[in-house]
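Laboratory data are not the source of any read-out in this text; all were calculated from the coordinates shown. The model shown is predicted, which means the values in this text are computed figures rather than measured ones. Backbone-built Cβ (ideal geometry, glycine too); neighbour counts: all protein chains shown.
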Amino acid sequence: MKKEQKPVVEIYADGACSGNPGIGGFGAILRSGGKEKEISGYDEMTTNNRMELLAVISALEALKKPCKATITTDSNYVVKGMTEWIHGWIKNNWKNSQKKDVLNRDLWERLLKASSRHDVNWVWIKGHNGHIENERCDALAREAIKKCRKRMGSEKA
């Protein structure tokens, strides 16, 4: 019996913050088999790194079955976190190289869980450099920040 191949998905993700900490937004594009889906969200008080993580987490959690995913982001924090740092953090009981608690552990654990059912290839790109999908994700993140401001009733937040 032939093993079923996992669907191939391209994921582009970006996070943004108005102030750091401040109002944050994220955006992601999921593309597979000629179909494309955009997702976004916001948080009233957060950091840029949390939004970068949440963009990728939200995209992975939106996948209905195990996939072969390429995740493209301008966040070295996310890419290095998942490819270089996370196994050491786990081994050291979620302490970083300075023996301090790893920041955003809740989201790192959620990302680890969300990525575990997929074959993930992590790709870093330079941000704000004309990469079409990255620019679109940035726009989605900024639109989400505007929605949050509007919901909070203040255009200057």
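A few comments on the model shown:
- Estimated vicinal HN-Hα couplings, Hz - segment 44-61 in sequence order (Karplus 6.51, -1.76, 1.60; Gly, Pro = x): 5, 9, 7, 10, 4, 4, 5, 5, 4, 5, 5, 4, 6, 4, 4, 5, 5, 5
- C-alpha center-to-center spacing [segment 1-43, segment 124-139] in angstrom: 13 Å
- Here is the list for segment 79-157: GluC sites (Glu not before Pro) lying in DSSP coil, each with at most 15 other C-beta atoms within 10 angstrom of its C-beta, are Glu155.
- Three-way shape call for segment 8-152 based on the alpha-carbon gyration tensor, with the a/c threshold at 1.5: oblate
- Percent of Cα-Cα distances greater than 20 Å, calculated over segment 7-76: 28 percent
- For the chain, the 222 nm mean residue ellipticity estimated from helices alone, with every DSSP H stretch of n ≥ 4 adding -39500 (n - 2.57) and the total spread over all residues, rounds to -11500 deg cm²/dmol.
- Rh by Kirkwood over Cα pairs, then Stokes-Einstein D for segment 94-135 at 1.567 mPa s and 4 °C, µm²/s: 99 µm²/s
- Low-density loop cleavage sites - trypsin sites (Lys or Arg not before Pro) in segment 1-96, where at most 10 other Cβ are within 10 Å (DSSP): Lys2, Lys3, Lys64
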